[in-house]
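Each remark here refers to the structure printed beneath this line.
Values in this text are rule-based calculations from the coordinates and carry no lab data. Remember, predicted model here, so these are calculated numbers, not experimental data. When we count neighbours, we look across all protein chains shown, and the Cβ atoms used for this are built from the backbone with ideal geometry, even at glycine.
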Amino acid sequence: MNAAPVVFSAVPAPLSADAMTVVFRRFDRAAMACAAIVCLVEVWRASVARVSRTDLARTAVGVVAGLLAVWGGAFLSPRIEALHRGGAVRGFGDAGVELEAVHHRAEGAAKAEVVLLAIYLALLAGAGARRIGPRRPAPDAAPS
């Protein structure tokens, strides 16, 4: 569910833009924190278990999704906020054209993050069958 259309239709401008800016800035902080956690978990996993090609693919997907979260949270959202605070309205004047372009990039980044994170979860679920930690002897092996 996307709250933005509801907020923009129910709350008058510029309050609607102000409200969504607060929501997205908080979301950005959460997304960047999650990206950092994913990176730390992947480093930990690599330190305690053999790394497979699937692990490398999953890590790469997680890192790209994390970089998109950082790009959105550290660059795109602050620019959108600054344009809103400066009175820009999407599609009107130079600032509005820039706002539309930055907003479009932010939407694209968010959509790409969703796809990448779905892939990441699928790869993570596939890795769940592999035990993390020291290997145990096969059940049919004789104890030593």
Only Cα pairs under 8 Å and at least 6 apart count here; give the relative contact order of the stretch 13-127 as a rounded whole percent.
32
Dipole magnitude of the chain about its Cα centre, charges +1 at Lys/Arg Cβ and -1 at Asp/Glu Cβ only, in debye to the nearest 20?
720
Given A19, L83, L117, which one lies farthest toward the positive end of the charge dipole of the chain, if we put +1 on the Cβ of every Lys and Arg and -1 on the Cβ of every Asp and Glu?
L117
Only Lys, Arg (+1) and Asp, Glu (-1) charged, at Cβ; the stretch 34-101 dipole about Cα centre in debye:
360
Could you give the angle, 0 to 90 degrees to the nearest 10, between helix 93-127's Cα long axis and the longest principal axis of the Cα atoms of the chain?
20
